[in-house]
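Right, one structure below, let's go through it.
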Amino acid sequence: MNKGLPQDYLPLLIQFSLALGFVVMTIFASTYLGPRLRSKRKEDPFECGIESQGDARLPMSVKYFLIAILFVLFDVEIIFMYPWAVNFKKLGWFGFTEMLMFVGFLMAGFYYIIKKGVLNWDED
Amino acid sequence: MHFLEIIKNLSLVQWAFYFLSILTLYGALGTILSKNPIHSVIYLVVTFFSISGIYIMLNAQFLAAVNVIVYAGAIMVLFLFVLMFLNLKEESTEMKTSPMLIAAVSTGLLLGLILIATIRKAEITRVNYNDFDPNTGLIETLGMVLYKNYMLPFELVSVLFLVAMSGAILLGKREKGESHF
Amino acid sequence: MYPIIVFSVSGLLMLFLGLSVNKKSLLPYNLLFMLVGLASNFLDWNAPGLYFNGMLEISNPIILVQWVLIFAAILVSGISSRQFDDTHAYPAEYYAIMQFALVGALIMVSFQNLLMLFVGLEILSVGLYVLTGSDKRNLRGNEAAIKYFLMGSFATGIFLFGVAMFYGATGSFDISSGNSVANNLLEGKMFFWLGMVFIFIGLLFKISAAPFHFWTADVYQGAPTVFSAFMATIVKTAVIFALFRLAAYSFNLEYENWSKFLVIIIGLSMVIGNVTAVFQTNFKRVLAFSSISQAGFMLLSLIGLGAQSYGNLGFYSLSYALATISAFGVFLVISSNTIVEGRPSENINVFDGLFSRNPDLAIILLISMLSLAGIPLTSGFWSKFFVLNDAAAKGYFWILILGVLMSAVSLYYYFNPIRASFKKTDLGKIEISSLSKYTLYVCAALTILFGIAPNILRSLF
């Protein structure tokens, strides 16, 4: 029983750093290796067409935020399912009813969200 | 060169720990010190990732994964959303050298001092490596504890979610005839 | 245990009722659910023990406190009648969140495991952050909600840090494991002490004891009045009993250490609460500062930790809840009849001439103010007497003198609305819905009853 020690994650770490290193390397390499002209025109987001004005940061509708919050809630709910699924057989019917209650409660909440019309995009 | 000797003799795990700790602190300081709030959020992501690394070193792999998925992923997006609500074109000039800032910093330093002084004196019972079960932090073990012993708090978390859900809808839902912003 | 289940389900039902039933009939449903919850608590009677793998403790005194909580919630719902009738109110959500918050409060008085305390605290606080900002059109309410949320979540963070330290020191979340470090040397107790202090700070913030009270006045003022009443009574009762459980079961062997620290907080709460209240002109702010000083008095029963303290604290909570709810209730009726600049006036002069406008309300206000000030023949007198007596038994005489002195100061601001209500005025009569009228009658009658015969209630604990 010696699995799950931090050392066992070394391959993961190596892979992670390889992936990161590749991305960083490509970005730097493409910047410094290729020929490059620098001018104000060149560094504009759009080189041709209508000149861009103002800031990209515009205030936006609170609806997006509401949906993002609801997403986070259900995201956390799903995470609770992972340790349950791993132990599904060991926990048996007890665990199943437990999870059924949990999910049932949240699904009732989800039904409420739908009924309330939160997910309807252009309703007045 | 006592200090250099110590550095030379650090084990791999210690290297990893110090690296992650410094990264965590760097991210945390960057979060509160950077002028641009978007940069703050990115620094916070750095902190979350390095905390996840510390979780892995503590053998809490599931927590590390959850930390990345929920905090570095979802919650940070929410933070960015909030920043987008605000009009951040002009930098706020508040809190430069106000007495509030001085009070806050000195209180924080005092608290840090007390914590360090106390923890330095504290006697910490160390884990015995020989009879320590390395599977403690694995998902199987965690699941068994969560769904057997901590059944009631787990079910009540759904009530907490419902409160958050209905609260978000109550506060965030646009009323009839309100403008889009 | 059963009311926790009842309120979890009924809160959900309330949300769905809001979709199908019209607004005015939601209050009866809410009262019905609360009565069901109150009744379901009888099922736990005389079945003491630990439930759910040592997560909850049920015993008769705990059930009595749960009754106090549910009863206070019923009274708060009672005074809310006709308050949520306008188009921008969402009573279904309000009542649902109130019921969920009640779940949190019930957990907090019966937890056996610190994780349960945390879940309860979160359910209660998240619900209240939302209720504080539920009047979306009131800028002050929005500000209050943000303030409460930021400070409250910070306090929860400190509390959680303390719980982590507690776990690190004892290796368990069970509250009885606090005794396991009793025999350790000084160095071995460091983490435990740090955890203890952080847990105390986190919870003291929630009952707005003195150095952690800065949010109170703004939040009470900004929140809709019904929810200020909810905050003042149910949150305070739940958190003080959580503190009491911790003090009695986890930290009882460290009494010498924390009592010194707590007694300073009590003194500060009494002085800051009472002296600042004198200068307020907004009635909700007066009640906010009065609640700070009352929190100081409630904490006295932790100092006087003895066989009677639990009952004394229960008595204090109920009599404080009765008095505060009737004060908020009377104020709610009058201020919604006095519109200044489009909003209900909250200035203390709304009480001007109350006696000629509606004598019943004036008398209820009189009783509640007397009870809050601690005048004999009201339950407030006995509640203060019991807790001060407890503290004096442990030898803290200076806090006893300070308490009496500060009660004298409090007379000044509690008498302001009474004085105003006997002024002459030419304003018309005030109409009041029958439900809130009977709620206020019940509050006043019980205040007098417990003032004359306190042992009716106290012998139950």
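For this structure, a couple of remarks:
- Under the span-like rule (Cα at least 18 Å along the axis, Kyte-Doolittle mean at least 1.0), DSSP H helices of chain C: C:2-20, C:26-40, C:60-79, C:91-110, C:114-132, C:186-206, C:255-278, C:283-303, C:309-335, C:359-373, C:397-421, C:434-452
- Spatial offset of region C:83-137 relative to region A:77-102 amounts to 27 Å, using the alpha carbon center of each.
- Between A:ASP8 and B:THR136, the distance separating the two model label sites (each 7 Å from Cα on the Cα→Cβ line) works out to 1.6 nm.
- Label-point separation, C:PHE261 to B:ALA28 (7 Å along Cα→Cβ), nm: 2.0
- Here the spin labels are modelled as points 7 Å beyond Cα on the Cα-Cβ line, and at C:ILE430 and C:LEU13 they lie 3.5 nm apart.
- Over all pairs of different C-alpha atoms in region C:2-458, the reciprocal of the mean inverse distance, the Kirkwood hydrodynamic radius, equals 22.0 Å.
- Cα centroid of region B:12-42 to Cα centroid of region C:394-450, whole Å: 54
- Ranked from largest, the principal axis spans of the Cα set of the protein assembly as shown equal 90, 73, 59 Å.
- Percent RCO, i.e. relative contact order, over chain B, from Cα pairs under 8 Å lying at least 6 residues apart: 16
- Ellipsoid equivalent to region B:1-87 - semi-axes via the Cα gyration tensor, in Å: 30, 18, 5
- Helices assigned as whole DSSP H runs in chain B whose Cα atoms extend at least 27 Å along their own long axis and whose mean Kyte-Doolittle hydropathy is -1.0 or higher are found at B:12-33, B:37-57, B:99-121, B:151-172.
- Distance from region C:286-348 to region C:153-171 (C-alpha centre basis), Å: 29
- For chain C: relative contact order, % (alpha-carbon pairs under 8 angstrom, 6 or more apart): 15
Bear in mind these aren't lab numbers, they're just calculated from the coordinates by the rules spelled out. Just so it is clear, the model here is predicted, and its values are computed rather than measured. Note that each Cβ is placed from the backbone with ideal geometry, even for glycine, and that neighbours are counted across all protein chains shown.
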